[in-house]
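See structure below.
The values are calculated or read from the model by the stated rules, or taken from the named source; none is laboratory data. In this text the structure is predicted, and so the values were computed from the model without any measurement. Cβ sites come from the backbone with ideal geometry, for glycine too, and all protein chains shown count toward neighbours.
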Amino acid sequence: MLKTGSPFPDFSVLNHDGRLVTGAELRALGSLVVFFYPRANTPGCTLEAKRFRDEAPAFAAAGATIVGVSQDPPDRQACFASDHSLPFALLCDEKGDLYRAFGLKKYLGLIPRRTTFIFGPDGRLAETFDSMLNAGEHVDVALSAVQRLNSGTH
């Protein structure tokens, strides 16, 4: 897994709209919250994504952009985004390129991890939260982290 202080990785993947997104493009946005989830439209992942959706204004006020990532194809991600009115990009990591770039390993060797990475405005990893069972807590940890980072009290 990426270590604190690591730079935001370089990559190119499709988003839920089928548009190519690069790491450089995202890095230019400033502080980033990148949450990896196992599979679109499953109960825990839906809870997590909806919590990020509901707190999106607070993340924006704190100066952070939210990005979701799963190994689902664009059509499944597009349905997930539409079904739940998700206001952020969902990246489609079908080949596992992002998974490897972020240094993730599958849970029990089978299930994609639920891990959230918080990058500061300098493009470096500030904090990571990994919990398969506490999907909603990812939002609380990430929001607290970006508020500290962007207020200068870390």
Point to revise | Test: residue in region 68-88 that is out of contact with any Phe, Trp or Tyr (no Cβ under 7 Å at 6 or more places or on another chain) and among the β-branched types (Val, Ile, Thr) | key: no
Check your understanding: What residue, of 110, 104, is surrounded by fewer than 23 Cβ atoms within 10 Å (Cβ to Cβ), out of contact with any helix residue (DSSP H, G or I) (no Cβ under 8 Å at 6 or more places or on another chain) and without any contact (Cβ under 8 Å) to a residue 12 or more places away in the chain?
Key -> 110
**Study point:** Unmet requirement for residue 122, which otherwise passes all of (1) of a type outside the set (S, T, N, Q); (2) within 20 Å of residue 10 (Cα to Cα); (3) touching a residue at least 24 places away in the same chain (Cβ under 8 Å); (4) not in a strand (DSSP E or B)
**Key:** (3)
Exercise for review: Collect the residues in region 75-130 that are small (Gly, Ala, Ser) and at positive phi, keeping them in residue-number order.
Suggested key: 85, 96, 103, 109, 123
Study note, to complete from the structure: When every residue in region 21-39 that is touching a Ser or Thr at 6+ places or on another chain (Cβ under 6 Å) and among the aliphatic types (A, V, I, L, M) is compared, the one nearest to residue 133 (Cα to Cα) is 32
Practice item. Answer yes or no as to whether residue 80 is modelled with pLDDT of 95 or more and not in a strand (DSSP E or B). Key: yes
Check your understanding: Would region 69-83 turn up any residue that is within 12 Å of the chain's Cα centre (by Cα) and closer than 22 Å to residue 99 by Cα?
Key -> yes
Check your understanding: Does any residue of region 28-51 turn out to be within 13 Å of residue 87 (Cα to Cα) and of a type in the set (A, V, I, L, M)?
Key -> yes
Review point. Out of (1) aliphatic (A, V, I, L, M); (2) in contact with a Lys or Arg (Cβ under 9 Å, 6 or more places away or on another chain); (3) buried (at least 22 other Cβ atoms within 10 Å of the Cβ), the odd one out for residue 118 is which?
Key: (2)
